[in-house]
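The structure under discussion appears below in the form of structure tokens.
The values are calculated or read from the model by the stated rules, or taken from the named source; none is laboratory data. The shown structure was predicted, so the numbers you read here are calculated from the model rather than taken from an experiment. Neighbour counts run over all protein chains shown; Cβ positions are idealised from the backbone, glycine included. Ligands, DNA and RNA are excluded from the accessible area calculation, which covers all protein heavy atoms including side chains. Shrake-Rupley method; radii C 1.70, N 1.55, O 1.52, S 1.80 Å.
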Amino acid sequence: MVTDPTASADPRADLPGDGRRESADERADRNWSELLQELRVLQTGTQILTGFLLALAFQPAFTELSGPQRAFYLTLVVLAALSAIVALAPVALHRGLFRRHEKPVVVAFGHVALLTALVTVSVLLVGVVVFVFDIVLDAAASWIAGGVLAVVIVLLWVAAPVAFRRRGPVAPPSRDDHPTEHPTTEEHTTR
């Protein structure tokens, strides 16, 4: 019996019919590259929020915050730092395991770290909105704004992916579904 050396040991590793012919190493490289792109997007947003939070402490109005508002602010700063640490953890692991042929381990760890970072960033986003609304308006408005934002995050970051995942893979379009690339003679002369 001849076995395909590029076949995955895990039959669930690729969706059937996705058209990819790649070895386990190629798949790990592709998955790592995709994970890095996602981490870059997440890290940029986290850095902007962290910079915003750090700049607040140096504003003259910061001294007017109440004790609970200061505690909430410091909680948000710690959460921002934590989200950055979690989002960078896969990169640190990659450096630690560099040239040890452990990329599948790095990808699996990165997947969990990215999901964890998404949770911390979602809490951070809601917290920052609650904090700003509390300062600008009042506590009631802050909780309404935070609740609405939390619902939007749950819908777009949890419900939508779950719905698409349950729907299953989408079949690639057939050649008949695409219009011809070149105009016919009649179309060309009427233009």
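The set of residues in the stretch 35-55 being open to solvent by 50 Å² or more (accessible area, probe 1.4 Å) and in contact (Cβ under 8 Å) with a residue 12 or more places away in the chain consists of GLU38, GLN47, PHE52, LEU54.
On the basis of being free of Cβ contacts under 8 Å to residues at least 12 places away in the same chain and surrounded by 13 or more Cβ atoms within 10 Å (Cβ to Cβ), does ALA141 make the cut? Yes: the conditions hold for ALA141.
So that you can scan it fast, the table gives a plain yes or no per residue for (1) modelled with pLDDT of 90 or more; (2) more than 22 Å from the chain's Cα centre (by Cα); (3) open to solvent by less than 40 Å² (accessible area, probe 1.4 Å); (4) at positive phi:
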{"site": "ASP10", "(1), (2), (3), (4)": "no, yes, no, no"}
{"site": "PRO16", "(1), (2), (3), (4)": "no, yes, no, no"}
{"site": "LEU65", "(1), (2), (3), (4)": "yes, yes, yes, no"}
{"site": "ALA80", "(1), (2), (3), (4)": "yes, no, yes, no"}
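Per the listing ARG191, ARG175, ARG166, the residue uniquely surrounded by fewer than 10 Cβ atoms within 10 Å (Cβ to Cβ) and at pLDDT 90 or above is ARG166.
Are any of the residues in the stretch 117-126 hydroxyl-bearing (Ser, Thr, Tyr) and free of Cβ contacts under 8 Å to residues at least 24 places away in the same chain?
Pass one, the stretch 117-126, residues hydroxyl-bearing (Ser, Thr, Tyr): 120, 122.
Going one step further and asking which of them are free of Cβ contacts under 8 Å to residues at least 24 places away in the same chain, we end up with none.
No, the stretch 117-126 contains no residue that is hydroxyl-bearing (Ser, Thr, Tyr) and free of Cβ contacts under 8 Å to residues at least 24 places away in the same chain.
Do we find that ARG95 is within 19 Å of the chain's Cα centre (by Cα) and loosely packed, with under 10 Cβ neighbours inside 10 Å in this structure? Criteria not met by ARG95.
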